[in-house]
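The values are calculated or read from the model by the stated rules, or taken from the named source; none is laboratory data. The structure presented is a predicted model; accordingly, all values stated were derived computationally and were not measured. Note that we place each Cβ from the backbone using ideal geometry, even for glycine, and neighbour counts take in every protein chain shown.
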Amino acid sequence: MPDLHVNGAKLYYETFGSGPLLLLIPGADGRGTVFHDTAKYLSSHFTVACWDRRGFSQSLLIGVQDFADRLSVDADDACALIQHLSDRPAFVFGTS
């Protein structure tokens, strides 16, 4: 189970395939598993990363959270995950 420790959370993620990084950001329920079928389909062309947003499913909260600035924190988490997985620019797709 790969995870990434960031300020205030331990982010769970899974990767599929190889190639340029494609980060899939889940919307409402925050679970990366909603993208598994899509990730498997695209895995012949991309390294597809599916992650659970902080506080959802297998991504754990650590310490005090700033829920008033949730969107900015989620964006910072996405950037940290991209930097962790690749030293090149990434493609990003998100839902709401």
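Pairs needed: first member in region 1-27, in contact (Cβ under 8 Å) with a residue 40 or more places away in the chain and on the phi > 0 side of the Ramachandran plot; second member anywhere, surrounded by 20 or more Cβ atoms within 10 Å (Cβ to Cβ) and part of a loop (DSSP other than H, G, I, E, B); C-beta distance under 9 Å; at least 6 residues apart or different chains. Taking only residues 6 or more apart or on different chains, the pairs are Gly8/Arg54.
Selection of strands (runs of 3 or more DSSP E) fully inside region 1-85 by the criterion of at least 2 residues being closer than 20 Å to Thr95 by Cβ and at pLDDT 95 or above returns 9-16, 21-25, 47-51.
The set of residues from region 26-74 being out of contact with any strand residue (DSSP E or B) (no Cβ under 8 Å at 6 or more places or on another chain) and surrounded by fewer than 12 Cβ atoms within 10 Å (Cβ to Cβ) comprises Ala28, Asp29, Asp37, Ser44, Gly63, Val64, Asp66, Phe67, Ala68, Asp69, Leu71, Ser72.
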